[in-house]
Amino acid sequence: MRFRHADAVRLDHPGLTAGVLYATGIDARADVGPRVAEYTARASERLAAEGAEGGFPEVLAWRRAFARMGLKPTQYRCASESLLRRLRKEGSLPRIHPVVDLCNAVSAAYAVPVAALDADRIAGPLFEVRYARGDEEYTTFGGAVEHPAPGEVIFADSAGRSHARRWTNRQSGHSAVGEHTRRILVVAEALHEGGEAVVPELLKTVAEELAAHWPAEPATAVLTSAAPEFVFPDAGKPTG
């Protein structure tokens with residue numbers, strides 16, 4: 001299976017830097033608590049030093065992108081902004097699954113949206129960040145089915161299923177990482193100036209943490225206009 005950003009998305013957002021990680025051997029038994037605490041502490045220290053997350057360059061870049069897409073930035077926030085906002089207001093992040101907890105904490109520490117998906121719930125051969133046609137199906141965490149609006153940026157698989165709405169705003173319950181998850185796809189996306197340096201560092205951080213807590217050998221790639229696709233390194237076929 002291949003992962004990529006559609007040419008139209010890259011053309012409209014030339015500042016995009018995207019990183020992808022794929023790993024197998026995942027389960028829900030790892031204790032990532034101490035590492036999560038370290039990354040959330042880093043995020044909290046930055047909030048205390050710089051003020052609310054809305055002023056972070058990483059977040060402002062996504063707010064501008066959302067505004068260009070016709071979305072009200074204070075109503076629809078990118079994932080990292082939502083995490084930072086919750087951390088600032090509540091002092092902690094929700095505990096969901098070791099992989100998700102780790103990715104959320106790293107996302108908050110770097111202020112960059114990070115999506116963690118169950119790779120076996122994505123239908124190949126192509127998984128693409130593209131503009132919606134309007135006939136795709138998105139499943140909420142509550143089980144309801146929605147249809148993204150035409151022109152909305154989504155994560156779409158080959159079966160016409162949307163695994164995220166409004167780009168980095170909300171993931172789907174269909175491919176959420178859970179007890180059943182054994183293979184994961186992690187996607188990090190930055191739009192701010194300097195993202196080309198931050199995303200590789202973030203990917204390296206997640207890869208090292210996964211290798212330290214699971215029998216995983218993560219494969220990573222930074223996607224560019226010259227090398228826009230990531231090919232899953234094993235022969236397994238996601239079921240969708």
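The values are calculated or read from the model by the stated rules, or taken from the named source; none is laboratory data. Worth saying up front: this structure is predicted, and the values here are computed from it rather than measured. With ideal geometry, Cβ positions are generated from the backbone for all residues, glycine too; neighbour counts draw on all protein chains shown. Surface areas here come from the heavy atoms of the whole protein model, side chains and all, with no ligands, DNA or RNA. Shrake-Rupley method; radii C 1.70, N 1.55, O 1.52, S 1.80 Å.
Hey, can you tell me all the residues within the stretch 207-226 that are in contact with a strand residue (DSSP E or B) (Cβ under 8 Å, 6 or more places away or on another chain), modelled with pLDDT of 95 or more and outside any strand (DSSP E or B)?
207, 210, 214, 218
Of the residues 107, 80, 92, only one is open to solvent by 10 Å² or more (accessible area, probe 1.4 Å), small (Gly, Ala, Ser) and either within 24 Å of residue 46 (Cα to Cα) or in a loop (DSSP other than H, G, I, E, B) (or both); which?
The conditions single out 92.
Is it fair to say residue 226 is out of contact with any Phe, Trp or Tyr (no Cβ under 9 Å at 6 or more places or on another chain) and without any contact (Cβ under 8 Å) to a residue 12 or more places away in the chain?
In short, yes.
Looking at residue 173 and the list (1) open to solvent by 20 Å² or more (accessible area, probe 1.4 Å); (2) in contact with a His (Cβ under 9 Å, 6 or more places away or on another chain); (3) under 22 Å from residue 93 (Cβ atoms), which single condition is not satisfied?
Single failed check for residue 173: (2).
Looking only at the stretch 110-134, filter to residues that are touching a Pro at 6+ places or on another chain (Cβ under 9 Å) and among the basic types (Lys, Arg); which one of those is least open to solvent (accessible area, probe 1.4 Å)?
Ranking the qualifying residues of the stretch 110-134, first place goes to 121.
Can you find, within the stretch 177-192, the residue that is nearest to residue 25 (Cα to Cα) among those that are small (Gly, Ala, Ser) and buried (at least 19 other Cβ atoms within 10 Å of the Cβ)?
That would be 188.
Here's the yes/no breakdown for (1) acidic (Asp, Glu); (2) more than 30 Å from residue 204 (Cβ to Cβ); (3) more than 17 Å from the chain's Cα centre (by Cα):
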| residue | (1), (2), (3) |
| --- | --- |
| 108 | no, no, no |
| 127 | no, no, no |
| 135 | yes, yes, yes |
| 145 | no, yes, yes |
| 151 | no, yes, yes |
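Can you tell me how many residues within the stretch 67-77 are part of a helix (DSSP H, G or I) and either of a type in the set (A, V, I, L, M) or within 18 Å of the chain's Cα centre (by Cα) (or both)?
Selection size over the stretch 67-77: 1.
Restricting attention to the stretch 1-56, which residues are over 23 Å from residue 108 (Cα atoms), among the aliphatic types (A, V, I, L, M) and loosely packed, with under 14 Cβ neighbours inside 10 Å?
8, 11
Taking only the stretch 135-162 into account, find how many residues are small (Gly, Ala, Ser), open to solvent by 30 Å² or more (accessible area, probe 1.4 Å) and part of a strand (DSSP E or B).
Residues in the stretch 135-162 being small (Gly, Ala, Ser), open to solvent by 30 Å² or more (accessible area, probe 1.4 Å) and part of a strand (DSSP E or B): 0 in total.
Check the stretch 185-199 and report whether any residue there is farther than 24 Å from residue 216 by Cβ and assigned to a strand (DSSP E or B). Walk me through it before giving the result.
From the stretch 185-199, those farther than 24 Å from residue 216 by Cβ are 191-197; that's our starting set.
Narrowing further to those that are assigned to a strand (DSSP E or B): none.
No: the stretch 185-199 contains no residue that is farther than 24 Å from residue 216 by Cβ and assigned to a strand (DSSP E or B).
So residue 165 clears everything in (1) within 25 Å of residue 110 (Cα to Cα); (2) in contact with an Asp or Glu (Cβ under 9 Å, 6 or more places away or on another chain); (3) in contact (Cβ under 8 Å) with a residue 40 or more places away in the chain; (4) open to solvent by 10 Å² or more (accessible area, probe 1.4 Å) except one condition, right? Which one?
(3)
If you scan the stretch 95-104, which residues turn out to be in contact with a strand residue (DSSP E or B) (Cβ under 8 Å, 6 or more places away or on another chain) and open to solvent by 20 Å² or more (accessible area, probe 1.4 Å)? Reasoning before the result, please.
First pass over the stretch 95-104, keeping only residues in contact with a strand residue (DSSP E or B) (Cβ under 8 Å, 6 or more places away or on another chain): 99-100, 103-104.
100, 104 - these are the residues of the stretch 95-104 that are in contact with a strand residue (DSSP E or B) (Cβ under 8 Å, 6 or more places away or on another chain) and open to solvent by 20 Å² or more (accessible area, probe 1.4 Å).
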